[in-house]
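Presented below is the structure to which this report refers.
Please treat every number below as a calculation from the coordinates, not as lab data. Everything numeric in this text was worked out from a predicted model, so none of it was measured. No Cβ is skipped: glycine too gets one built from the backbone with ideal geometry, and neighbour counts run over all protein chains shown.
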Amino acid sequence: MAIDKELHEYLAKTGRSRSLHEEACAVMPGGNSRTTTFFDPYPFYIQRAQGAHLWDADGVDRLDFNGNYTSLILGHAPPDVVKAAHEAVTLGMSYPGPTEHEIRLAEALTRRIPSMESLRFTNSGTEATMNAVRVARAFTGRPKVAKFEGAYHGTHDAVLVSVAPDVKASGGRRHPKPVAASAGVPAAALKQTIVLPWNDGDACEEILTKEGAQTACLLVDPLLGIGGILLPEPGFLERLRAVTERLGIVLIFDEVISFRIAWGGAQERFGIRPDLTTLGKIIGGGLPVGAFGGRADIMNAYDPRRGGARISHGGTFNANPVTMAAGLATMNALSPEAYSRLDSLGDRLRGGVSRLLQATRRKGQITGVGSLFCLHWTTGPLTDYRSSRPKDTEAPMRIFLGLLNEGILLSQRGLGACSLAMSEEDTDRFVNALARVLARE
C-alpha cells in the first residue's frame with residue numbers, strides 16, 4: 001500500500017477539515033494546541049461523539065479506539081456521567097474553595113488504591129507527575145530523578161527526557177544516556193535525570209545502586225504505555241520495589257494510563273505497592289484531571305495545618321466540582337464486572353489481530369493487557385523501547401491512515417483501547433478493517 005493512495009482518499013473525505021485547519025493556522029502555530037493530535041497534511045476536525053463513535057466536520061463516522069488517548073473508558077458522553085456533570089454545572093462551574101465532590105472522589109480512589117493513603121488533585125497528568133517528583137525530592141533531600149527509556153510522564157523538564165529517542169544517539173542498551181525529548185529542555189535537567197532500560201533488572205539495580213545517594217525517585221509506567229504496552233517481565237517490578245526500598249528511593253507508579261487495566265490499577269494487577277501514585281485520564285470522566293498521592297508521611301509536606309506547608313500546591317481549577325462529579329460517576333460505573341467485560345473485549349481484539357497477522361504472514365504483532373493494545377510492525381521479541389522500533393518507520397502512519405479511511409480511529413503510534421461502549425462486533429470490525437488495510441500493501 002503506497003501512503004500516497006491513502007492520503008489521496010483521506011483528502012477526498014475531509015474537505016471541511018482542510019478548510020478549518022487553514023483557519024486555525026492563522027491564529028495558532030500549526031493550527032492546534034495538542035502536538036500529539038497533529039499529522040500531515042492536517043488532522044480531521046471532530047464535531048460530535050456518542051458511545052463508541054465520533055463524527056468529523058465532513059460527517060464521516062469513525063469507530064473510536066483512541067478514546068482521547070485512552071481517557072474515555074466508558075465511551076463518549078455516557079448518560080450517567082453527563083447527568084452528574086450537568087447537575088454540578090447548574091450549581092456553578094468552579095469555586096474559590098473545596099466541595100464535597102472532591103472528598104467523595106478522593107474516597108473512591110483511596111478505596112481502590114490502598115497505597116494512596118492521601119492524595120491531591122491537579123488538572124493534568126503532567127501536573128501530577130511534576131508534583132510527585134517535587135515531593136519526592138523534598139522528602140529525600142536528593143535531586144535526581146530516574147525514569148525508563150521510552151516512557152512518557154508529561155511535559156515538565158525533569159521527565160521530558162528519552163521519551164522516543166533516536167537509538168543511535170542514546171548510548172548502549174543497558175546504559176542509556178539521557179536525551180532531551182524537546183527543544184528548551186536545559187542541559188541541567190539532563191544531568192539530574194537517570195535513564196534506565198526497561199525489563200533489565202540487573203542493569204537497573206547496577207545503575208540505581210551507583211546513583212542511589214543522589215536519586216530522589218524512580219518513575220515507573222508499569223506498562224511502558226507510550227513505549228508500546230510492553231509488559232514487565234516476571235519479577236521485574238518486584239525487583240524495582242526491593243531495590244528502591246533498600247536505597248531509600250521513592251517509587252512512583254505513573255498510572256495515568258495503566259489505572260484502567262484493573263479495579264485498583266496496575267499495582268493491583270501486578271501486586272506491587274509503590275510509595276506514590278499518579279493518576280489522570282479516566283478519573284475525570286472525560287474532563288481535565290490529574291491526581292497524585294501515596295504514603296501519608298510523604299504527602300504531609302502539603303499539609304497547611306502544620307504551620308505552613310513545606311510545599312505549596314495550587315491551581316485555579318484543581319478539584320473543580322464538574323470534573324469531580326464526572327470522575328465519581330465514572331468510578332461508580334467501573335465495577336469488577338465492567339473490568340471483566342473490558343478484559344474480554346481486549347482479549348477478543350488482540351486474538352483476532354494475532355490470527356490475522358499469522359494467516360497473512362505479516363511482519364507484525366500486537367501487545368496489550370486488559371482493554372489496552374498496541375500494534376507493532378516488527379517481528380522480534382518485544383522487551384523494551386528499542387526492540388519495539390519498526391525497521392519500516394513509515395508503517396505505523398500508513399496503517400493509521402488506512403484505518404482512518406476504513407472508519408477506524410487509533411493513535412498514530414498504534415496504541416488503542418476498548419471502551420465499555422463497544423461490543424464484540426466492534427472489535428471484529430477493527431480486525432476486518434485492518435485486514436483490508438493490510439491487503440492494500
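Placing a label point 7 Å from the Cα of L247 along the Cα-to-Cβ direction, the residues of the range 178-200 whose backbone N falls under 18 Å from that point are 178-179, 190-200. A quarter of the convex hull surface defined by the alpha-carbon atoms of the range 366-421 gives 4.3 nm² as the mean projection. Evaluated with a Cβ-only charge set (Lys, Arg +1; Asp, Glu -1), the chain carries a dipole of roughly 840 debye about its Cα centre, given to the nearest 20. Available extension along the chain between R173 and F38 is 45.6 nm, counting 0.36 nm per residue and deducting the alpha carbon span.
Look at where the Cα atoms of the range 163-196 and of the range 225-286 average out, and the two centres are 22 Å apart.
In the range 137-192, what chymotrypsin sites (Phe, Trp or Tyr not before Pro) fall in a loop by DSSP, with at most 13 other Cβ atoms inside 10 Å?
none
Here's the picture: charge each Lys and Arg Cβ at +1 and each Asp and Glu Cβ at -1 in the range 366-440, and of V431, H376, L403 the one pushed furthest to the positive end of that dipole is H376. Since only V27, V60, T70 are under comparison, the one whose Cα sits farthest along the positive direction of the charge dipole of the range 24-114, derived from C-beta charges on Lys, Arg, Asp and Glu, is T70. Loop-resident trypsin sites (Lys or Arg not before Pro) (DSSP state other than H, G, I, E or B) in the range 289-327 with no more than 16 further Cβ atoms inside 10 Å of their Cβ: R305, R306, R310.
As a proxy for reagent exposure, W263, W198 were ordered by neighbouring Cβ count within 10 angstrom, fewest first; the result is W263, W198. As a calculated quantity, the FRET efficiency between T393 and R18 at R0 = 30 Å, using C-beta atoms, amounts to about 0.70. Cβ crowding within 10 Å ranks H313, H21, H153 as H313, H21, H153, fewest other Cβ atoms first. Computed about the Cα centre, the dipole magnitude for the range 89-148 is approximately 440 debye when only Lys and Arg (+1) and Asp and Glu (-1) carry charge, each at its Cβ. Computed about its Cα centre, the charge dipole of the range 16-164 is approximately 580 debye, with only Lys, Arg, Asp and Glu carrying charge at their Cβ.
Here the residues E337, E211, ranked from fewest to most Cβ neighbours within 10 Å of their Cβ, fall in the order E337, E211.
For the range 1-43, the list of chymotrypsin sites (Phe, Trp or Tyr not before Pro) that fall in a loop by DSSP and count at most 16 other C-beta atoms within 10 angstrom reads F38, F39. Using R0 = 35 Å, the C-beta based FRET efficiency linking K363 and M93 works out to 0.10. One chain, two ends: E107 and R355. Fully extended at 0.36 nm per residue, the span grows by 85.0 nm beyond their Cα-Cα distance.
Here the gap between R239 and E441, fully extended at 0.36 nm per residue and compared with their Cα-Cα distance, gives a gain of 68.4 nm. Across the chain, the relative contact order, built from alpha-carbon pairs under 8 Å that are at least six residues apart, equals 21 percent. With the cut-off at 1.5 for a/c, could you classify the range 79-333 from its C-alpha gyration tensor as rounded, prolate or oblate? Prolate is the answer for the range 79-333, as a/c is 1.5 or above and a/b outweighs b/c.
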